[in-house]
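Chemist: Right, I'll just put the structure down here and ask away after.
The values are calculated or read from the model by the stated rules, or taken from the named source; none is laboratory data. Computed from a predicted model, the values in this text were never measured in an experiment. Methodologically, a virtual Cβ is constructed for each residue, glycine included, from the backbone with ideal geometry; neighbour enumeration extends over all protein chains shown. Accessible surface is based on the protein model in full, side chains and every heavy atom, while ligands, DNA and RNA are left aside. Shrake-Rupley method; radii C 1.70, N 1.55, O 1.52, S 1.80 Å.
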Amino acid sequence: GIGKCVAMDLARRNARTILACRSWARGQAAVEEIRAATGNPAVVLRLLDTSSLASVRAFARTVLQEEPRLDVLVNNAGVTGLPFAITSEGLEQTFATNYLGPFLLTNLLLG
């Protein structure tokens, strides 16, 4: 999708690139594909589920601890057409995934 294409382009430009994915298996496959296509070993996977504010907070904490700087943030994760569901934090799942999670992530990474 769009996120993988953006990550591929950033990696081709020799940028350290963090893929934030819900699924370790699919994310690791994307990391390996991008590394192989670009020759850039600085493509890494971190788990993130934007529907979970706890996951967003943990991801942001890890990135802020591990990375000396962050130059670009691409928020492109989103869902549509899901049945109505409430997250464990009491939020409507689509709203949490598409809006609240990315908003919180951006603000936490801004410092």
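Chemist: Taking the options 31, 43, name whichever one is touching a Lys or Arg at 6+ places or on another chain (Cβ under 8 Å) and over 19 Å from residue 99 (Cβ atoms). Before the answer, list the steps.
Modeler: Numbers: 31 fails: touching a Lys or Arg at 6+ places or on another chain (Cβ under 8 Å).
Going through 31, 43 in turn, the sole match is 43.
Chemist: Give segment 63-79 a look and list any residue that's open to solvent by 80 Å² or more (accessible area, probe 1.4 Å) and not in a loop (DSSP other than H, G, I, E, B), or say none.
Modeler: Listed by number, the residues that qualify are 64, 65, 66.
Chemist: Take the conditions over 19 Å from residue 46 (Cβ atoms), hydrophobic (A, V, I, L, M, F, W, C) and either open to solvent by 40 Å² or more (accessible area, probe 1.4 Å) or assigned to a loop (DSSP other than H, G, I, E, B) (or both) and apply them to residue 84. Does it pass? Let's see the steps before the verdict.
Modeler: Values: over 19 Å from residue 46 (Cβ atoms): yes; hydrophobic (A, V, I, L, M, F, W, C): yes; either open to solvent by 40 Å² or more (accessible area, probe 1.4 Å) or assigned to a loop (DSSP other than H, G, I, E, B) (or both): yes.
When the stated conditions are applied, residue 84 passes them.
Chemist: Checking the conditions here, which among 15, 20, 58 is hydrophobic (A, V, I, L, M, F, W, C), at pLDDT 95 or above and in a helix (DSSP H, G or I)? It would help to see each step written out before you state the result.
Modeler: On the way: 15 fails: in a helix (DSSP H, G or I); 20 fails: in a helix (DSSP H, G or I).
When all the criteria are applied, what remains is 58.
Chemist: Filter segment 95-111 down to residues that are over 12 Å from residue 49 (Cα atoms) and out of contact with any helix residue (DSSP H, G or I) (no Cβ under 8 Å at 6 or more places or on another chain) and give me whichever is least open to solvent (accessible area, probe 1.4 Å).
Modeler: The qualifying residue least open to solvent (accessible area, probe 1.4 Å) is 106.
The rows are residues; the columns are (1) in contact with a Lys or Arg (Cβ under 9 Å, 6 or more places away or on another chain); (2) without any contact (Cβ under 8 Å) to a residue 24 or more places away in the chain; (3) farther than 19 Å from residue 9 by Cβ.
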{"residue": "56", "(1), (2), (3)": "no, no, yes"}
{"residue": "66", "(1), (2), (3)": "yes, yes, yes"}
{"residue": "72", "(1), (2), (3)": "no, no, no"}
{"residue": "86", "(1), (2), (3)": "no, yes, yes"}
{"residue": "95", "(1), (2), (3)": "no, yes, yes"}
{"residue": "101", "(1), (2), (3)": "no, no, yes"}
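Chemist: If you take the residues in segment 2-41 that are in contact (Cβ under 8 Å) with a residue 24 or more places away in the chain and surrounded by fewer than 13 Cβ atoms within 10 Å (Cβ to Cβ), which one is nearest to residue 88 (Cα to Cα)?
Modeler: Selected residue: 2.
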